[in-house]
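Input: a single structure, listed below in structure tokens.
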Number of protein chains: 2
Amino acid sequence: MTTLDQTSVVPPGFVDLLERPLFGHLGTTRPDGSPQVNVMWFGWDGELLRFTHIPQRQKYRNLQADPRISLSVVDPDTGYRYLEVRGVLERVDDDPDGQFYMELSARYGHPMTAPPDDAADRIVLVVRPTKAVTH
Amino acid sequence: MTTLDQTSVVPPGFVDLLERPLFGHLGTTRPDGSPQVNVMWFGWDGELLRFTHIPQRQKYRNLQADPRISLSVVDPDTGYRYLEVRGVLERVDDDPDGQFYMELSARYGHPMTAPPDDAADRIVLVVRPTKAVTH
């Protein structure tokens, strides 16, 4: 476990919002400069955020043009604890067997016994947080 | 009620996500082009989205520079029905008595008996949806 990693920009009192399988609302900037926000599963290892994705999506094109993201997560138990993590796409990993997709599915309560149909296209967006805003 | 307004870009099957008092994740673009996402209460009259705000916030400065927004709402009952509404800030209304803030508070289950302390600064961001993406 690296959740106590002292280099993380995420305040310890809000790390649970990344550790729990909550929905993240991922903001990217479209090539025309307008904002796009999508609901996403995510993984968190105490240092980096990971998203499963396929490169045919608009979000991927957005990130190729501008690697900066914002992720918003709210505590569904109260609704009034929330976290915005800003960060930068550090790299894109291949996930040709869909293993990371399957990991996330299990994390979010939908374990799969076989890889997804689009496993060959699956990639992992690896994001490094640069700043956190909490409330 | 104008929820059946035929001019709305929001598909009828997803309008409930705006009619219910759900949290919205509001994406704006910062002056440096990076995305910002904030959890927000919102109101919906079948045609326009409304947010209570104060002009001292970064979001307001973002919208002065670029009036385009994206609002992401997920159905908490399933987690797998969601709606992204893109739109444009059409105007900013004054709310000097904090009445709209109080309306939203009541809608979200926190009725108030007195205006908020910052009532004098309160404004209403009035957004016209231009496109909806559903899943």
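The values are calculated or read from the model by the stated rules, or taken from the named source; none is laboratory data. Computed from a predicted structure; not experimentally measured. Using ideal geometry, Cβ is built from the backbone for each residue, glycine included, and neighbour counts are taken over all protein chains shown.
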> Which members of the range A:35-50 meet the condition of being more than 14 Å from chain B (Cβ to nearest Cβ) and of a type outside the set (Lys, Arg)?
Replying inline: A:43, A:44, A:45, A:46, A:47, A:48
>> Going residue by residue through the range B:2-22, is there one that turns out to be among the acidic types (Asp, Glu) and either within 27 Å of residue A:32 (Cα to Cα) or touching a Cys at 6+ places or on another chain (Cβ under 6 Å) (or both)?
In response: no
> Tally time: how many residues in the range B:108-135 are of a type outside the set (Lys, Arg) and in contact (Cβ under 8 Å) with a residue 24 or more places away in the chain?
Replying inline: 17
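Per-residue answers, yes or no, for (1) part of a strand (DSSP E or B); (2) buried (at least 17 other Cβ atoms within 10 Å of the Cβ):
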{"position": "A:13", "(1), (2)": "no, no"}
{"position": "A:51", "(1), (2)": "yes, yes"}
{"position": "A:59", "(1), (2)": "no, yes"}
{"position": "A:64", "(1), (2)": "no, no"}
{"position": "A:86", "(1), (2)": "yes, yes"}
>> Please go through the range B:34-64 and give me each residue that is over 18 Å from residue B:128 (Cβ atoms) and hydrophobic (A, V, I, L, M, F, W, C), ordered by number.
In response: B:37, B:39, B:41, B:54
> Residues A:23, A:51: which one is closer than 29 Å to residue B:88 by Cβ, out of contact with any Ser or Thr (no Cβ under 6 Å at 6 or more places or on another chain) and in contact (Cβ under 8 Å) with a residue 60 or more places away in the chain?
Replying inline: A:51
>> I'm trying to understand the selection: among the residues of the range A:76-100, which are in contact with a helix residue (DSSP H, G or I) (Cβ under 7 Å, 6 or more places away or on another chain) and more than 10 Å from chain B (Cβ to nearest Cβ)?
In response: A:89, A:95, A:96, A:97, A:98
> Inside the range A:113-135, can you point out the residues that are touching a helix residue (DSSP H, G or I) at 6+ places or on another chain (Cβ under 6 Å) and either farther than 18 Å from residue A:87 by Cα or loosely packed, with under 15 Cβ neighbours inside 10 Å (or both)?
Replying inline: A:116, A:122, A:134
> Within the range A:51-70, can one find any residue that is among the hydrophobic types (A, V, I, L, M, F, W, C), within 10 Å of chain B (Cβ to nearest Cβ) and under 19 Å from residue B:24 (Cα atoms)?
Replying inline: yes
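Residues checked against (1) assigned to a strand (DSSP E or B); (2) without any contact (Cβ under 8 Å) to a residue 24 or more places away in the chain; (3) basic (Lys, Arg); (4) surrounded by fewer than 22 Cβ atoms within 10 Å (Cβ to Cβ):
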| residue | (1), (2), (3), (4) |
| --- | --- |
| A:28 | yes, no, no, no |
| A:36 | yes, no, no, yes |
| A:47 | no, no, no, yes |
| A:69 | yes, no, no, no |
| A:83 | yes, no, no, no |
| A:90 | yes, no, no, yes |
| A:100 | no, no, no, yes |
| A:106 | no, yes, no, yes |
>> Quick test for you: out of A:33, A:87, pick the one residue that is in contact with a Gly (Cβ under 8 Å, 6 or more places away or on another chain), modelled with pLDDT of 95 or more and within 22 Å of residue B:63 (Cα to Cα).
In response: A:33
>> Just checking, does the range B:4-18 include any residue being under 14 Å from the mean Cα position of the chain (by Cα), within 9 Å of chain A (Cβ to nearest Cβ) and of a type outside the set (Lys, Arg)?
In response: no
> Would you call residue B:74 among the hydrophobic types (A, V, I, L, M, F, W, C), within 21 Å of residue A:81 (Cα to Cα) and in contact with a His (Cβ under 9 Å, 6 or more places away or on another chain)?
Replying inline: yes
